[in-house]
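Shown next, in structure tokens, is the structure this report addresses.
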Amino acid sequence: MPAKIRITHYFAAVIDRLYPFARSTYRWLLGLWSRTPNLVGDRDIENTFVIQHMPSGPGKALDFGANTSSMSLMAARKGFSVVALDLLPLDFPWVHPNIQTLQGDILKVEFEEASFDLVINLSTVEHVGLAGRYGVKAMESDGDLLAMRRLHRWMKDQSRMLLTIPVGQDAVFIPMNRVYGEKRLPKLIEGYRVLHEEFWAKPAKDNKWRQVSKEEALSFPARAGSRSPFMNIYALGCFVLQKA
């Protein structure tokens, strides 16, 4: 057996032995922070929302911020021809003939008007223009609003966007993300018709996500100054939008 393969097998065996320890440590950390509301489990809410409301193809879909989810693959399985766009390099652990990867800045790339039947915008737009994370180098205070206008232009009439974002009391946590409240949220979705919306938050009593009213979600006191999900908390807004 070649030396490189033996070394690879050795490290794989070490990782396999360490996995139970890492899993138990993670669960211990969850228990440690269980009394303080945090973001653990937010992607369970967002991913399942997008899957639930994703229509079937055929058609053309844009997965905006594709690097951190498997929604490009889900859309391709639904029959769409997908453009997976991200500011960071895209290197999925799989290949699908109906997925085209594209590394680029949402504020600089160009697509023809009315190109897409579906846009997936899963926890991404809140980062646009905030320098210091996800490869963003230049500050653009209204980058999120500009991105939504560009996406609107690229969508076909009556097409849909599946959008998930942090919501709560209006705030900007540089370089982490924006939180959308009563002031910023209407600006973000201007020009779109809301077909469906739901809101989730974690009450302090048990640190588990629950659906809440829009009023409760938009008044939620957010904090997002840390790179650790154990230290941050905000409510979630999930929307099915249609190009008006």
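The values are calculated or read from the model by the stated rules, or taken from the named source; none is laboratory data. Model, not experiment: these values are computed from the prediction. Cβ placement follows ideal geometry from the backbone for every residue including glycine, while neighbour counts extend to all protein chains displayed.
Quick notes on this structure:
- Inspection of the range 231-241 finds no residue satisfying the criterion of being among the polar types (S, T, N, Q), more than 12 Å from residue 39 (Cα to Cα) and in the same structural domain as residue 139 (by TED's automatic domain parsing).
- Test: residue in the range 91-101 that is of a type outside the set (Lys, Arg), closer than 20 Å to residue 242 by Cα, assigned by TED's automatic domain parsing to the domain that holds residue 162 and in contact (Cβ under 8 Å) with a residue 24 or more places away in the chain: no
- Taking the range 152-195 as the range and being among the basic types (Lys, Arg) and under 17 Å from the mean Cα position of the chain (by Cα) as the test, the residues that pass are 160, 178.
- Residue ID - farthest from the chain's Cα centre (by Cα), chosen from residues in the range 66-117 that are in a strand (DSSP E or B), closer than 19 Å to residue 149 by Cα and not aromatic (Phe, Trp, Tyr): 117
- Listing of strands (runs of 3 or more DSSP E) fully contained in the range 132-239 that carry 3 or more residues being modelled with pLDDT of 95 or more and loosely packed, with under 15 Cβ neighbours inside 10 Å: 192-201
- Residue within the range 231-239 that is over 17 Å from residue 122 (Cα atoms) and without any contact (Cβ under 8 Å) to a residue 24 or more places away in the chain present: no
- Identity of the residue in the range 33-65, of a type in the set (Val, Ile, Thr) and in a helix (DSSP H, G or I), that ends up surrounded by the most Cβ atoms within 10 Å (Cβ to Cβ): 50
- Against the test of being touching an Asp or Glu at 6+ places or on another chain (Cβ under 6 Å) and closer than 23 Å to residue 140 by Cβ, the options 165, 189 yield a single qualifying residue, 165.
Results for (1) modelled with pLDDT under 95; (2) of a type in the set (D, E, K, R), shown as yes or no for each residue.
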{"residue": "37", "(1), (2)": "yes, no"}
{"residue": "42", "(1), (2)": "no, yes"}
{"residue": "55", "(1), (2)": "no, no"}
{"residue": "63", "(1), (2)": "no, yes"}
{"residue": "72", "(1), (2)": "no, no"}
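- Residues of the range 196-214 that turn out to be of a type in the set (A, V, I, L, M, F, W, C) and within 19 Å of the chain's Cα centre (by Cα), as a count: 4
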